[in-house]
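The values are calculated or read from the model by the stated rules, or taken from the named source; none is laboratory data. The structure displayed is predicted, hence computed values, not measured ones. All Cβ positions, even for glycine, are placed from backbone atoms using ideal geometry, and neighbour counts span all protein chains on display. The area values use the complete protein model at the heavy-atom level, side chains included, leaving out ligands, DNA and RNA. Shrake-Rupley method; radii C 1.70, N 1.55, O 1.52, S 1.80 Å.
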Amino acid sequence: MTDRVSAAMAFTAIPKITPDQWKSSNLLIRWMIASRAAVLVMTFASAALAGSMALLAGSFQLLPWVLCTLGLLLAHAANNQLNDYTDSARGVDSGNYFRNQYGAHVLEDGLLSKQQLRLYMCLTGGAALAIGIYLLWNTGPGLLIPLLAGAFFLLFYTYPLKRLGLGEPAVLLVWGPLMTGGTFMVTTGSWSWPVALIGTLYALAPSVVIFGKHVDKLEFDLDKGVRTLPVRLGASRSLQAIVAMLVLQYLALGWLMISNILPWTSLLTLLALPDAMRLVNVCRQPRPRLCPDDYPASAWPLWYVAFAFVYARSFGLLFLCGLLLAWLLQAAGELPQ
């Protein structure tokens, strides 16, 4: 009997599945697999950080925050679907390419036709657009700039931005000021540059993830003519850039706390340092040519990105917990507003 793919599996990993498993899955699980739902946690973290800052500011509105968070998750999912569609159509993902080895590719594995994936994209992106239009009407014209910028990066990240080495800076901009600043604006009704700065601090974690992923597949991208920033910098400099971003993240964290932009409870993020040091140690070593015996075979050939994702997930969760703790202390009168 074929093992079914659970929602938990589709949410926590990018599973490599058989056609029989695909057929036995319901529509939600199929959508999650086609959307690479496991990585949506980074988008939720950006939105949740904005919500936490709105709570601390005393101007949190639940419904706008929920709608904005849902819209961002749908937009990210639509981008992942478009990414697979575009790279497959351009021949980047054809054959035994890196993308096909670590998880299901709905087109290359024959799970969906191009027409079916286009339907997924239209429905997912259309829902995100509808939410965006409603939020624009509800928030005001000030939201138009982040909304249009987000739509631009959604449509053009895979091509041509990624091929021009601009995909990595786009991740920093999108997961930072656009997502966090935009969600705060929707939630409170006003833009905040300090919140946008806090979002940029967090966005260094997703930036480390995308750098790690592109270093992992550097040889494949080079062969396919995809000139990502790690391809242009080379593996050694790109790994140095990952380490530099980790150092910058904690230096910025300290500066924001000293400047009273972040509460002292943000020190909780220091608990992510073991994952950061593990990533630094991995970046100092050459990538294994074969899957190590003590490494999960299901994650191979992901290497740098796997360690980067573990760090980004722990940093984001701890950062969020620190802000929520500050809000609870503030509500109890133990922390000034």
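Determine which single condition Asp93 fails, assuming it passes every other condition in (1) in contact with an Asp or Glu (Cβ under 6 Å, 6 or more places away or on another chain); (2) part of a helix (DSSP H, G or I).
(2)
Within the set of pairs 6+ apart or on separate chains, which have a first residue in region 281-295 that is over 12 Å from Val243 (Cα atoms), a second that is small (Gly, Ala, Ser), and C-beta atoms under 8 Å apart?
Correct list of pairs: Arg287/Ala235; Cys291/Ala297.
State which residue is most open to solvent (accessible area, probe 1.4 Å) when the search covers only region 173-214 and only residues that are closer than 22 Å to Arg99 by Cα and not small (Gly, Ala, Ser).
Here the answer is Lys213.
Please go through region 305-337 and give me each residue that is more than 24 Å from Ala10 (Cα to Cα) and part of a helix (DSSP H, G or I), ordered by number.
Phe319, Cys321, Gly322, Leu323, Leu324, Leu325, Ala326, Trp327, Leu328, Leu329, Gln330, Ala331
Taking Met257 as the residue in question, decide whether it is touching a Ser or Thr at 6+ places or on another chain (Cβ under 7 Å), of a type outside the set (Asp, Glu), open to solvent by 30 Å² or more (accessible area, probe 1.4 Å) and modelled with pLDDT of 95 or more.
Yes, satisfied.
From the list Leu302, Leu273, which one is out of contact with any strand residue (DSSP E or B) (no Cβ under 6 Å at 6 or more places or on another chain) and in a helix (DSSP H, G or I)?
Leu273
Is it the case that Leu161 is surrounded by fewer than 20 Cβ atoms within 10 Å (Cβ to Cβ) and either modelled with pLDDT under 90 or closer than 26 Å to Val215 by Cβ (or both)?
Working: surrounded by fewer than 20 Cβ atoms within 10 Å (Cβ to Cβ): yes; either modelled with pLDDT under 90 or closer than 26 Å to Val215 by Cβ (or both): yes.
Criteria met by Leu161.
If you take just the helices (runs of 4 or more DSSP H) that sit entirely in region 1-52, which of them hold at least 1 residues that are open to solvent by 20 Å² or more (accessible area, probe 1.4 Å) and hydroxyl-bearing (Ser, Thr, Tyr)? It would help to see each step written out before you state the result.
On the way: elements: 7-12, 19-24, 27-35.
Helices (runs of 4 or more DSSP H) meeting the threshold: 7-12, 19-24.
What is the residue count in region 119-146 for residues that are without any contact (Cβ under 8 Å) to a residue 12 or more places away in the chain and either surrounded by fewer than 14 Cβ atoms within 10 Å (Cβ to Cβ) or within 21 Å of Ala38 (Cα to Cα) (or both)?
The qualifying residues number 10.
Here is a check on your reading of the model: is Gln116 at pLDDT 90 or above and open to solvent by 30 Å² or more (accessible area, probe 1.4 Å)?
yes
Among the residues of region 311-326, count how many are open to solvent by 50 Å² or more (accessible area, probe 1.4 Å) and out of contact with any Leu (no Cβ under 8 Å at 6 or more places or on another chain).
2
When you scan region 225-245, do you find a residue that is without any contact (Cβ under 8 Å) to a residue 40 or more places away in the chain, closer than 30 Å to Asn138 by Cβ and in a helix (DSSP H, G or I), even just one?
Looking for residues that are without any contact (Cβ under 8 Å) to a residue 40 or more places away in the chain, closer than 30 Å to Asn138 by Cβ and in a helix (DSSP H, G or I), one finds none in region 225-245, hence no.
Check off (1) of a type in the set (A, V, I, L, M, F, W, C); (2) outside any loop (DSSP other than H, G, I, E, B); (3) touching a residue at least 12 places away in the same chain (Cβ under 8 Å) for Leu63 and give me the number that stays unchecked.
(3)
Taking the residues in region 68-99 that are surrounded by fewer than 18 Cβ atoms within 10 Å (Cβ to Cβ) and either within 30 Å of Gly182 (Cα to Cα) or among the small types (Gly, Ala, Ser) (or both) as candidates, determine which candidate is modelled with the lowest pLDDT.
Per the stated criteria, the residue is Gly95.
In this structure, does Pro301 turn out to be open to solvent by less than 30 Å² (accessible area, probe 1.4 Å) and at pLDDT below 95?
For Pro301, the condition - open to solvent by less than 30 Å² (accessible area, probe 1.4 Å) and at pLDDT below 95 - is met.
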